[in-house]
1. If you count only protein heavy atoms with a 1.4 Å probe, what accessible area per residue comes out for segment 164-305, rounded to a whole Å²?
2. Test of understanding: express the Cα radius of gyration of segment 324-364 as a ratio to 2.2 N^0.38 Å, with N the residue count.
3. Sketch the reach of a paramagnetic label on Glu122 as a point 7 Å from Cα along Cα-to-Cβ, and name the residues of segment 201-232 whose backbone nitrogen lies under 19 Å away.
4. Which percent of the accessible area of segment 483-568 is formed by carbon and sulfur heavy atoms (probe 1.4 angstrom)?
5. Accessible area per residue, 1.4 Å probe, Å², for segment 474-578: what's the number?
6. Can you tell me how much longer the chain between Asn430 and Lys115 gets when fully stretched, taken as 0.36 nm per residue apart minus their C-alpha distance, in nm with one decimal?
7. Please list, in order along segment 474-482, the HN-Hα scalar couplings obtained from phi with the Karplus expression 6.51 cos²θ - 1.76 cosθ + 1.60 (θ = phi - 60°), rounded to whole Hz, x for Gly and Pro.
8. Would you work out if segment 388-478 is rounded, prolate or oblate? Take a ≥ b ≥ c from the square roots of the eigenvalues of the alpha-carbon gyration tensor; rounded if a/c is under 1.5, else prolate when a/b is larger than b/c, oblate otherwise.
Amino acid sequence: MKKTTKSKMFIGAAIFLALLLTGCSSPAGGGGENYDEPLPEINDIVFGNSDWNVLVGGLSAGIVDRDPVFSQFPQYGDALVDTHGKVFELATHTTTTTFKDSNNVRGGNSALLIKNIIVSEESALSFDYKCDLFYGYGDGVLRKNYLRVFIDDEAEPAFEAYGSGQMWQKESLILSAGTHSVKFLAETEEGWYGWYIKNAAYIDNVTLAPNTIASVDIYPKGLQETYVNGDTIQFSAKALRSDGSVIPNKDVTWTSTGGSIDSNGLFTPGNTKGTFTVTASIDGFTASNKTVKIHGSDYLTDPVTINGHTFTGNITYYQQNSAREDTNKITFLDPTPKYSSFITDGFFVLKGNARDTCAYVRVVKYDDDDSTYKEFNRDYKYQTSYIIKPGDFEQKIWLRFGDGDYDVTIFEASVTFYEDYDGYEGASLNYSYPGDSEPGSFIWFNVTNKTTFNHSADDCAYLLPSYYIQCDDFLITNAFNAVMAELQPDATLGMKLQALYDWEARRSHYDYVSFTDTSTTKRKRQDALHVLKYGMCVCEGYADLYTAFARLLGVKAAYQSSANLNHAWTELNYKGKWKMVDITWDDPSETGTVDKNPTAENYWYFLIDPNDARHAKRDSEGNTITPYQYDRVTDYSRSAN
């Protein structure tokens, strides 16, 4: 989050010491979060430029009013939060004139030199940075725009980075006791400068602090849940200096009051349920997560709270109804309902064993109007399904279309999956089942859903979990809680949606194997849970996970797809209007053969109008096809789900 002015060190365009140093920490100052005067140890800020014979445009260095990424997206208003505000820009080339004849123009460098940094003990000069990456005009070759940082005019940079509209990253350089100079230099590979392109490096939050620990930070924060002998939870910890920068390579000692935790921070639940504390210790400093909850083995029947409403899953039976039976190959066990007709509140659980068969679970809500009821018609929107693999199973079944009567049928099914490989589970390719004409191959439940969740069938479909969008699974709720715990208590809905968007963009990579091998054998599962596990997916998976996160915020969200685009994304209801969110297209890659860049930061498709022409089908040269409208389809069985 953005710091206050006094805790942030600005580097100003004017050669003025106070702009640079207001609020920075200092070895002499002992922490220095509230300095009212500039520090005396750093002086003589000089802008240096080399090779001034610029053929087109020029060089610049100075303050820009907004984080340059956010300045591209003013239409989003408070939906996007600029956590940096004014930042320092080192631009190697800017042009306002047409220049097509020379693609390789030597334009020199733009630099910031900080001289006479006097430190009395080993200290860290820390800074946030990002830098552009662009394609050379005419040849489509990717050129690198560098930020290089030199200490004491050494021939080799102490730090070097390049990127593509990067998310802000932090770096620290260690200065020994004595007097030093530091030069920030922006430079472009082979002197390339694009047409109408500004090649820039951006710097913010330059601070100076003792290279000693001031505190420890633990991740994840917030409620973290699992169940006895169930999924592990990975914790990590960082040693922080007084300015919040990280001291790397510190040994962490882990302890927990329940379960167990190893030397790498991997928490394993034991066989005792309860709420426990995990603590990280580094050199005598500690940080804890005090809300690590281990549920009992029957956790799937526990009440679930969604959008402020608690669904109990409590079952009551009608009088004089038939007992539930098994199929030829599927044996059911408690807590599977004992009778074929029952009443429940939101969900129920199937448990059992499937022998040499998959189980296909079809959930269909009765239409209130018998004349329009379309049971078993694939175009009927109030139906959903689950696929359960052979072996022991336990599956929560949500009645996701509101109160009313449902048919739930469990069939013995033949399902074809893409191959499992390298620890990845293959997605389902197709399935078939004999239907209700073959005795012993299925069982049937008549279920009445009675809740006090006063929402329409459509709204329930947009808010409740499904087979693909498991927003009730602990792994997904844990990730969600960790993101929310990093925000301020007064964070707006826009801030929360953006934080979840950033989190997914940083941790999910585009999976070219699943995209290119769909005609052969390899395609990973794309549901929200497996996307979280794998950290890679195609558009289908990006949409499923973000839709799950939005629903946990209580925001109505749907998985949308288009056959014309061969593409999928999320649509959600933001402030009363449906908006599109497409992380796939906002998470660019450098080539078409590698995973996408985890530091890319774009918001071209964040909360835009679903009919915006930017989200359109384009021809091979990138031109919008007219008309640009696509066949937008809401998949109720999975994503209105």
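The values are calculated or read from the model by the stated rules, or taken from the named source; none is laboratory data. All figures in this text were calculated on a predicted structure; none of them were measured in a lab. Don't worry about glycine lacking a Cβ; one is built from the backbone with ideal geometry, like all the others, and counts go over all protein chains shown. Areas reflect the complete protein model, heavy atoms only, side chains present, ligands, DNA and RNA absent. Shrake-Rupley method; radii C 1.70, N 1.55, O 1.52, S 1.80 Å.
1. With the other protein chains kept in place, segment 164-305 gives 43 Å² per residue.
2. Here the Cα radius of gyration is 1.21 times the empirical estimate.
3. Within reach of a label on Glu122, which here means backbone N under 19 Å from a point 7 Å along Cα→Cβ, segment 201-232 contributes 208-216.
4. On the way: 1410 of 2910 Å².
In segment 483-568, the share of accessible area belonging to carbon and sulfur is 48 percent.
5. Numbers: 3560 Å² over 105 residues.
Value for segment 474-578: 34 Å² per residue.
6. On the way: separation 315, 0.36 × 315 = 113.40 nm, distance 6.70 nm.
So the chain would gain 106.7 nm between Asn430 and Lys115.
7. Karplus-based 3J(HN,Hα) across segment 474-482 equals 4, 4, 7, 5, 5, 4, 4, 4, 5 Hz.
8. Taking the square roots of the gyration eigenvalues as a ≥ b ≥ c, segment 388-478 is oblate.
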